[in-house]
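The values are calculated or read from the model by the stated rules, or taken from the named source; none is laboratory data. Note that the coordinates shown come from a computational prediction; the quantities given were computed from them, not determined experimentally. Glycine gets a Cβ as well: all are built from the backbone with ideal geometry, and neighbour counts include every protein chain shown. Side chains are part of the model used for accessible areas, which takes the heavy atoms of the whole protein and leaves out ligands, DNA and RNA. Shrake-Rupley method; radii C 1.70, N 1.55, O 1.52, S 1.80 Å.
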Amino acid sequence: MGIWWLFFVFNLWVPAIMILVGYWTWKHCSPNINHLFGYRTTRSMKNTDTWKFANDYVGRLWWKIGWVLIIPTVLIQLSFMRSSTNKVVILYLVILFIQMTIMLLTIIPVENALKKKFNDDGTIR
């Protein structure tokens with residue numbers, strides 16, 4: 001049972017990070033392009049307009065997805081509460097893989113939104 005709690009907490013990290021970083025990126029991201037914090041892609045770093053737009057977009061997206069991910073994560077893990085250690089570890093890895101895949105796939109809508117709103121040189125369409 002002790003290992004279950006440990007992995008239960010570990011599986012909440014990705015949604016929690018998405019919520020916290022999403023909120024921060026959405027509400028408090030630096031107005032200046034930087035290489036330390038924020039949504040950093042070639043397209044998002046063209047100018048301050050693309051930078052602000054991309055960070056606002058990804059922040060809102062991560063914040064929403066993070067909250068949505070918590071629900072199935074908790075429900076699925078609760079159904080394995082009394083399972084063997086091997087099952088709990090496998091479940092942890094499967095959930096982590098799914099969460100990380102979802103997090104990485106958010107690049108697609110952000111880049112598409114940037115392409116739709118801005119020309120390749122970063123000027124607004």
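Would you tally the net charge around S30, using a Cβ to Cβ cut-off of less than 13 Å, leaving S30 out, and scoring K and R as +1, D and E as -1? Before the final figure, lay out each step's value.
Working: positive: K27, R40, K52; negative: D56.
Charge balance in the 13 Å sphere: +2.
Just in the stretch 22-109: which trypsin sites (Lys or Arg not before Pro) are loop by DSSP and have at most 10 other Cβ atoms within 10 Å? Show your work: numbers first, answer last.
Numbers: sites: K27, R40, R43, K46, K52, R60, K64, R82, K87; in loops: R40, R43, K46, R82.
Listed in order of number, the matching sites are R82.
Amide H neighbours of F118 under 5 Å, at least 5 residues apart or on other chains, H built in the peptide plane: list them.
Close amide H contacts, sequence-distant or interchain: R125.
May I ask for the net charge around L20, where only other residues with Cβ less than 15 Å from the Cβ of L20 are counted and Lys, Arg are +1 while Asp, Glu are -1? Write out the running numbers ahead of the final one.
Working: positive: K27, R60, K64; negative: none.
Around L20, the surrounding residues sum to +3.
On a 0 to 90° scale, report how tilted helix 85-105 is relative to the longest principal axis of the chain, with both axes built from alpha carbons and the result rounded to the nearest 10.
10
Please identify every one of the chymotrypsin sites (Phe, Trp or Tyr not before Pro) in the stretch 1-95 that sits in a loop by DSSP and has no more than 13 other beta carbons within 10 Å of its own beta carbon.
Details: sites: W4, W5, F7, F8, F10, W13, Y23, W24, W26, F37, Y39, W51, F53, Y57, W62, W63, W67, F80, Y92; in loops: F37, Y39, F80.
Passing sites in the stretch 1-95 are F37.
Using θ = phi - 60° and the Karplus relation 6.51 cos²θ - 1.76 cosθ + 1.60, list the HN-Hα couplings for the stretch 51-58 in order, rounded to whole Hz, with x at every Gly or Pro.
Here the 3J(HN,Hα) series is 4, 5, 4, 5, 5, 5, 5, 5 Hz.
What number, in percent, do you get for the relative contact order of the chain if the mean sequence gap of Cα pairs under 8 Å and at least 6 apart is divided by its residue count? Could you put the intermediate results ahead of the total?
Details: 128 pairs, mean separation 43.9, N = 125.
So the answer I get is 35 percent.
Short version: ³J(HN,Hα) in whole Hz for each residue of the stretch 13-29, in order, from phi by Karplus 6.51 cos²θ - 1.76 cosθ + 1.60 (θ = phi - 60°), x for Gly and Pro, what are they?
5, 4, x, 5, 5, 4, 5, 5, 5, x, 4, 5, 5, 6, 9, 10, 5
Give, as a single signed number, the net charge of other residues whose beta carbon lies under 15 Å from the beta carbon of R40, with Lys and Arg counted +1 and Asp and Glu -1. List each step's numbers first, then the result.
Details: positive: R43, K46, K52; negative: D56, E111.
Net local charge, R40 excluded: +1.
Quick check: Cα centre of the stretch 1-51 to Cα centre of the stretch 67-90, how many Å?
After rounding, the separation between the Cα centres reads 24 Å.
Starting from a Cα-only point model with no solvent, please compute log10 I(q)/I(0) by Debye for the chain at q = 0.10, 0.14 1/Å.
-0.39, -0.65
Counting only heavy atoms of the protein chains, get the accessible area per residue of the chain (1.4 Å probe) and round it to a whole Å² value.
Details: 7800 Å² over 125 residues.
Counting only protein heavy atoms, the per-residue value for the chain is 62 Å².
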